[in-house]
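**Student:** Got a structure for you, written out below as C-alpha cells; questions coming shortly.
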Amino acid sequence: MCLGCSNAPEYQSGDSRAMFYCGHDCQVMDWPKHKRYCKSMQRRKILLRAAQILKAAMLTYRETVYDVDITRIEYRGGVLYLHQNQRTVASRSKRGPFPNYMTDNIEHKEAALVKSQSTAAMALLGPLTRKLLRGMPLRIETIVVNIRRPRVPTRLVPGPDLHGGPHMVLKITRLDSDEEWIIDTTGCQYGFRDVLVPSVRYLTDTECRVLTGPRIYGACETKDLDYLSTLHIFNKTKAQRQDMRLERLTRHHFAVFVSRNVDDKLLMGSGADFKRKIDHFVKDLKAHMVDSIRKAGDDYGDSEDD
C-alpha cells in the first residue's frame with residue numbers, strides 16, 4: 001500500500017482510495033501516473049492533521065484554564081445543559097482545571113470546554129494555524145455562521161440561550177485544486193465531532209447561514225481581547241479588568257509554547273507516528289499551561305494596579 005496517500009479524508013464520496021501494488025518495483029513503475037494524485041492526498045492529510053492539532057490545542061487550553069463555575073452536566077431531551085453558579089461582573093472568574101469528575105462522556109466534556117468559545121479559538125489558534133500550514137498552497141479565511149441545525153445543542157443554566165448566535169470557523173481554499181474545506185475547532189458544542197469537513201457538506205449538515213465573511217485570517221492570540229478591552233461594558237469593574245489581564249497573560253504563555261515547540265514536522269510521518277506526536281503535544285502543552293497558571297497567579301494575585 002502507498003503510505004503517502006493512504007487514509008486521506010474524502011472530499012467527495014469515494015475520491016480517496018488506497019493504492020496497492022504487488023511489490024516495490026511495480027510501485028516505482030507506476031509513480032509517474034500516481035504522483036499527482038498522491039501529492040494531492042498528502043496535502044489533504046496534512047490539512048486534516050493540522051485541524052486535529054488545532055482542536056486538541058483548544059481543548060487542552062480550556063481544560064487547564066476553565067473559567068466557568070460549573071456545578072452539574074445534564075443531558076436531557078436531546079440538549080446538553082451546563083448548570084453553573086453565575087457570577088456577577090463584580091466577582092472574579094474561577095480559573096483552573098476542568099472538573100473531570102462531573103462527566104465520563106468525552107463528547108459532553110468537549111462541548112462544555114468550548115461552549116461560546118469560537119471567537120476566542122480563532123484568536124488563540126492564529127499563530128499555531130499559520131505555523132502548521134505555512135508553505136501550503138492555501139487561502140485561509142474566517143467566516144461567521146449561524147448554526148440552524150445542531151445535533152446536540154449546549155446551553156448554560158442559568159444564562160442566555162445563545163442558540164442561533166454567531167459561530168466563527170475557518171474556510172480553507174486549496175489553491176492547487178477546487179477544494180474548499182471548513183475547520184471548526186469548537187463545533188463539538190453543537191454535537192459535531194469532525195473538525196475538518198468539505199465546505200458544501202458542512203453548510204448542508206448544519207443548515208447554517210453565513211453572517212459575515214469570508215475575511216483573510218491574520219489573528220494573533222489576543223485579537224478578541226484587544227477588541228473587548230476597548231468596550232466599556234467589559235471593563236466596568238476591577239474584577240473584569242483583572243480577568244482580562246490574566247487571560248491575556250495566559251494567552252501569551254500559550255503563544256510561547258507554540259513558538260518554541262511547534263513546527264511543520266509535527267504533521268509528518270505514519271498514522272502511528274502522528275498519534276504519538278499529538279499525544280506528546282497534548283501532554284507537553286498541558287504541563288506548560290499548568291505552569292503558566294501558577295506564574296500568572298504569582299504575578300497578579302488578588303491585586304491590580306489602577
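**Student:** Quick check: residue separation of Thr88 and Lys39 times 0.36 nm, minus the Cα distance between them. What number comes out in nm?
**Tutor:** Net length gain for the segment: 12.3 nm.
**Student:** While we're here: Using 32 Å as the Cα-Cα cut-off, could you pick out the over-long pairs in Lys35/Lys109; Lys131/Lys238; Lys35/Lys115; Lys45/Lys94; Lys236/Lys295?
**Tutor:** Violating the 32 Å limit, Cα to Cα: Lys35/Lys109; Lys131/Lys238; Lys35/Lys115; Lys45/Lys94.
**Student:** Can you check what the net charge comes to around Arg43, using other residues whose Cβ is under 15 Å from the Cβ of Arg43 (Lys, Arg +1; Asp, Glu -1)?
**Tutor:** Summing Lys/Arg as +1 and Asp/Glu as -1 gives +2.
**Student:** Measuring from a point 7 Å past the Cα of Arg17 along Cα-to-C-beta, which residues in region 250-280 have an amide N at less than 19 Å?
**Tutor:** none
**Student:** A further question follows. With θ set to phi - 60°, apply the Karplus curve 6.51 cos²θ - 1.76 cosθ + 1.60 along region 229-244 and write out the HN-Hα couplings as whole Hz, x wherever there is a Gly or Pro.
**Tutor:** 5, 8, 9, 4, 4, 9, 9, 6, 10, 4, 4, 4, 5, 5, 4, 4
**Student:** Once fully extended, how much extra length lies between Val79 and Asp67, figured as 0.36 nm per residue of separation less the alpha-carbon to alpha-carbon distance?
**Tutor:** Additional length available on full extension: 2.2 nm.
**Student:** Quick check: pseudo-label points 7 Å beyond the Cα along Cα→Cβ at Asp263 and Arg215, how many nm apart are they?
**Tutor:** 3.4
**Student:** Report, to the nearest whole %, how much of the accessible area of region 197-306 belongs to carbon and sulfur atoms, 1.4 Å probe, protein only.
**Tutor:** Percent of accessible area from carbon and sulfur atoms in region 197-306: 55.
**Student:** For the pair Asp178/Val200, report the inter-label distance in nm, with labels modelled 7 Å from Cα in the Cβ direction.
**Tutor:** In this crude spin-label approximation the distance works out to 0.8 nm.
**Student:** Given C-alpha coordinates of the chain, what is the ratio Rg to Rh with the Kirkwood estimate of Rh?
**Tutor:** Rg/Rh for the chain comes to 1.00.
**Student:** Another question, if that's okay. List, in order, the whole-Hz ³J(HN,Hα) value for each residue of region 258-269 obtained from phi through the Karplus relation with A = 6.51, B = -1.76, C = 1.60 and θ = phi - 60°; use x for Gly and Pro.
**Tutor:** Going residue by residue, I get 4, 4, 8, 10, 10, 8, 5, 5, 4, 8, 8, x Hz, with x marking Gly and Pro.
The values are calculated or read from the model by the stated rules, or taken from the named source; none is laboratory data. Note that the structure is predicted; figures quoted are calculated from it, not measured. Here the Cβ is made from the backbone with ideal geometry for all residues, glycine too, and neighbour counts use every protein chain on show. The accessibility values were calculated without ligands, DNA or RNA, using every heavy atom of the protein model including side chains. Shrake-Rupley method; radii C 1.70, N 1.55, O 1.52, S 1.80 Å.
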